[in-house]
Amino acid sequence: MRLILSLLATLVFALPAAAKEMHPHGPEGGWKHKGVFGSYDRGALQRGLLVYKQVCAACHALNLVAYRNLAMLGYSEDEIKTIAAEKRVKDGPNDQGEMFDRPARPSDPFVAPFANDQAARVANGGALPPDLSLIIKARHGGENYVYSLLTGFGETPPADMKILPGMNYNPYFPGGQIAMPPPLAADDLVSYSDGTKATKEQMAKDVVQFLAWAAEPHMEQRKRIGIRVMLFLLVLTGVFYAAKRQLWRDVH
Amino acid sequence: MSSKHVTSFKGITGWIDQRLPIFTLMQNEYGSFPTPRNFNYLWNFGAISLFMLLLMIGSGVVLAMHYTADTHLSFNSVERLMRDVNYGWLLRYMHMNGASMFFLAVYIHLFRGMYYGSYKEPRELLWILGVLILFLMIATAFMGYVLPWGQMSFWAATVITNLMSAIPLVGDPIVTWLWGGFSVDNPTLTRFYALHYLLPFVIFGVVFLHIAALHVCGSNNPLGIEPKSEKDTLPFHPYYTMKDTFGLCVFLMLYAVFIFWMPNALGHPDNSIPANPMMTPPHIVPEWYFLPFYAILRSFTIDIGIPFTHIVLISSKLGGVILMVTSIAVGFVLPWLDTSPVRSARFRPLYRIFFWVFVADSILLGYLGSQPPEGIYVIISQIAMAYYFAHFFLVIPLLSKYEKPLPVPKSIHEAIGSGA
């Protein structure tokens with residue numbers, strides 16, 4: 001069985017030469033967090049977290065993010081405790097030498113949907129849903145690619161492409177065939193508490209921003225420090241240039 | 001005291017200097033050291049390279065405190081550093097992009113040496129030490145790239161170590177020995193880590209010799225003529241310390257743009273996927289600074305053997321490896337390939353043109369190295385590779401013989417005075 005699956009996977013990976021891939025694109029208006037001064041939109045991050053929890057988390061882990069990190073999204077300590085406690089984790093051994101279940105704590109990483117990769121494959125027809133912690137950094141095209149992939153289902157495959165059983169057509173996926181069924185197939189899969197209409201595009205846009213944060217949680221701090229460093233270097237360069245000019249005045 | 005050395009320093013400094021003349025040494029080598037007065041800004045890149053080496057060692061030592069060399073833990077230990085260690089992301093992005101900036105500075109330094117003939121007598125050994133530094137840098141950078149144990153780390157390690165298998169007869173045992181097993185695995189990772197920590201200090205040692213050799217014969221300069229009197233030189237400090245610091249600041253601004261706004265632009269997305277020996281990435285490409293050599297490696301596509309038999313003397317793989325190593329090692333003999341008595345390309349009208357053709361060819365090879373080895377790219381790679389070697393083994397010797405150099409000025413201060 002495993003052999004057949006891996007052969008199938010090889011076949012799927014070998015297909016790109018045959019299929020035309022579409023160029024990934026972003027949502028209308030682009031990404032707020034891009035650009036020299038761009039910062040994450042807290043509202044979008046919170047909505048994206050909801051999409052992740054209620055849709056993606058059924059199959060995809062987020063191993064590198066801990067619940068405590070949600071403080072960066074604007075949640076209070078108590079809110080984070082509540083979010084974490086929605087899931088249970090195995091802990092132990094206790095002083096009786098036994099493993100036990102307990103609610104997740106803020107210090108725990110996001111609880112994965114499957115106990116291990118094998119369990120994940122069995123539940124997903126042999127395909128392994130990748131961990132999403134770094135997905136934005138781990139794909140050519142980053143945010144645009146994931147957004148296009150999420151909204152790129154539902155088109156008719158080209159006549160010469162045979163969609164394999166259990167696969168779905170998506171022109172943005174290398175090879176055009178992806179094991180993941182359309183995750184955001186309908187509007188209003190989640191209900192946003194801030195009144196935003198949960199269209200397919202809106203959910204995709206929000207979850208991509210959430211995943212961008214998950215991949216680069218320190219981006220805002222990075223740009224903030226970067227601006228200070230650049231200003232400092234500009235002044236320093238100016239000072240040294242002036243000093244150099246003054247010093248070399250008689251030499252030239 | 002019977003020592004011949006009499007210090008000119010006073011107080012505690014004098015007391016130390018009398019017994020260990022480090023202050024006199026610094027004064028002679030970096031203070032009053034006579035330096036040609038006509039450097040242009042290309043002469044900044046030696047100092048910039050040294051700065052980058054020290055910065056890489058400094059940031060690397062701290063990174064090593066947070067890194068775990070274990071195939072199961074490496075990837076996550078790097079991510080933990082990025083997420084949970086204070087300013088860990090800054091350290092890592094400085095180190096990652098620092099490698100690129102180090103190579104950028106060294107490549108400019110190297111091409112400057114080629115343009116102004118800095119490798120010529122009496123600076124042959126100085127140049128050879130430089131080529132040796134480049135080899136050590138390549139090894140160090142390659143092993144450093146493997147440490148985060150992402151997909152590209154693993155597959156780069158696999159591809160590059162496998163090159164050794166091209167060596168006739170003993171190739172396979174050598175590869176097994178390098179790996180410490182029968183595939184790239186934990187023993188490979190731990191030894192790469194040990195060597196990645198060691199080699200920068202070896203580089204530092206060779207850089208010391210490189211600078212020591214420089215201070216014996218003094219720097220070359222854009223005119224390529226030796227300074228003849230005090231009118232041709234300036235004390236290194238404050239003139240060049242100030243000029244180098246200004247140049248370094250400009251360079252640091254470029255570096256900062258990468259660190260703070262596009263830290264992953266020079267990397268590859270696949271290295272954000274943990275290494276998976278069961279899944280080969282569609283295209284395995286090295287970092288940008290290795291691309292020209294990678295293109296040369298792949299350009300050799302035929303097996304050379306005895307005609308009408310199946311005996312292969314040089315497999316295409318071995319041929320590629322030989323070419324790739326030669327493409328760098330040719331630097332060792334460059335001082336003897338170029339026998340033109342004139343150093344600077346300013347006075348070599350033909351060499352100047354061929355120099356820029358060579359630069360363009362190297363950049364073209366870099367582009368080709370990033371493309372899949374199929375179709376038209378293979379043929380263009382072969383032409384570009386052939387030209388790369390023709391530049392060293394045909395163009396340079398022929399130019400040395402037949403080129404008519406322009407008249408060289410008598411002295412540096414005269415040339416500056418006349419506005420040349």
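Per-residue ellipticity at 222 nm computed for chain B from its helices equals -20000 deg cm²/dmol, with DSSP H segments shorter than 4 residues left out and the rest contributing -39,500 (n - 2.57).
A 1.4 Å probe over all protein chains sorts A:Lys32, B:Lys120 by accessible area into A:Lys32, B:Lys120, starting with the largest. Excluding the site residues themselves, the longest part of chain A lacking any GluC sites (Glu not before Pro) in a DSSP loop with at most 14 other Cβ atoms within 10 Å is A:156-252. Of the trypsin sites (Lys or Arg not before Pro) in region A:173-238, the ones in a loop by DSSP (not H, G, I, E or B) with at most 12 other beta carbons within 10 Å are A:Lys197.
Taken residue by residue and averaged, Cβ atoms of other chains lying within 10 Å of the Cβ of B:240-249 number 5. Counting only protein heavy atoms and using a 1.4 Å probe, the accessible area of B:His5 comes to about 50 Å². Helix B:349-370 and the longest principal axis of the Cα set of chain B meet at an angle near 30°. If you take all other residues with their beta carbon under 9 Å from the beta carbon of B:Lys120, and give Lys and Arg +1 and Asp and Glu -1, the sum is -1.
Going down the list B:Lys120/B:Lys404; A:Lys90/A:Lys137; B:Lys4/B:Lys228; A:Lys200/A:Lys223; A:Lys162/A:Lys200, which pairs span over 21 Å between their C-alpha atoms? Pairs exceeding the cut-off: A:Lys90/A:Lys137; B:Lys4/B:Lys228; A:Lys200/A:Lys223; A:Lys162/A:Lys200.
When DSSP beta bridges are restricted to pairs lying wholly in the protein assembly as shown, around 100% turn out antiparallel. Here the dipole of the protein assembly as shown is about 1780 debye; that uses its Cα centre as origin and unit charges on the Cβ of Lys and Arg (positive) and Asp and Glu (negative).
Between B:Gly331, B:Ser411, B:Met278, whose Cα lies farthest towards the positive end of the dipole of region B:32-418 when Lys and Arg beta carbons carry +1 and Asp and Glu beta carbons carry -1, centred on the Cα centre? The one lying farthest along the dipole's positive direction is B:Ser411. What is the angle, in °, between the Cα long axis of helix B:124-146 and the longest principal axis of the Cα atoms in chain B? Nearest 10 is fine, range 0 to 90. Approximately 40 degrees, to the nearest 10. If you fit an axis through the alpha-carbon atoms of helix B:74-84 and take the longest principal axis of the Cα set of chain B, what angle between them do you get, 0 to 90°, nearest 10? Its long axis makes an angle of about 60 degrees. Here is the list for region B:260-354: chymotrypsin sites (Phe, Trp or Tyr not before Pro) lying in DSSP coil, each with at most 12 other C-beta atoms within 10 angstrom of its C-beta, are B:Phe308.
Residues with beta-carbon under 14 Å from that of B:Lys231, excluding B:Lys231: net charge, scoring Lys, Arg +1 and Asp, Glu -1? Taking every other residue near B:Lys231 into account, the sum is -2.
Ordering B:Ser77, B:Ser183 by how much accessible area each has at a 1.4 Å probe, largest first, what is the list?
Descending order: B:Ser183, B:Ser77.
Taking amide H atoms as placed 1.01 Å from N in the peptide plane, the amide H of B:Leu234 lies under 5 Å from those of B:Thr35, B:Arg37, each 5 or more residues away in sequence or on another chain. In loop segments of region A:82-168 as defined by DSSP, there are no chymotrypsin sites (Phe, Trp or Tyr not before Pro) with at most 15 further C-beta atoms inside 10 Å of their C-beta. A probe of 1.4 angstrom, applied to the heavy atoms of all protein chains, finds A:Cys56 with accessible area near 30 square angstrom. Charging the Cβ of each Asp and Glu at -1 and of each Lys and Arg at +1, and nothing else, the dipole of region B:32-418 about its Cα centre rounds to 940 debye.
If r is the Cβ-Cβ distance from B:Leu20 to B:Val61 and R0 is 25 Å, what FRET efficiency results, to the nearest 0.05?
Taking R0 as 25 Å, the efficiency between B:Leu20 and B:Val61 is 0.40.
Its Cα centre serving as origin, region B:21-173 has a Cβ charge dipole (Lys and Arg +1, Asp and Glu -1) of approximately 380 debye.
The values are calculated or read from the model by the stated rules, or taken from the named source; none is laboratory data. Keep in mind that this is a model prediction, so the values were computed, not measured. Cβ sites come from the backbone with ideal geometry, for glycine too, and all protein chains shown count toward neighbours. Areas reflect the complete protein model, heavy atoms only, side chains present, ligands, DNA and RNA absent. Shrake-Rupley method; radii C 1.70, N 1.55, O 1.52, S 1.80 Å.
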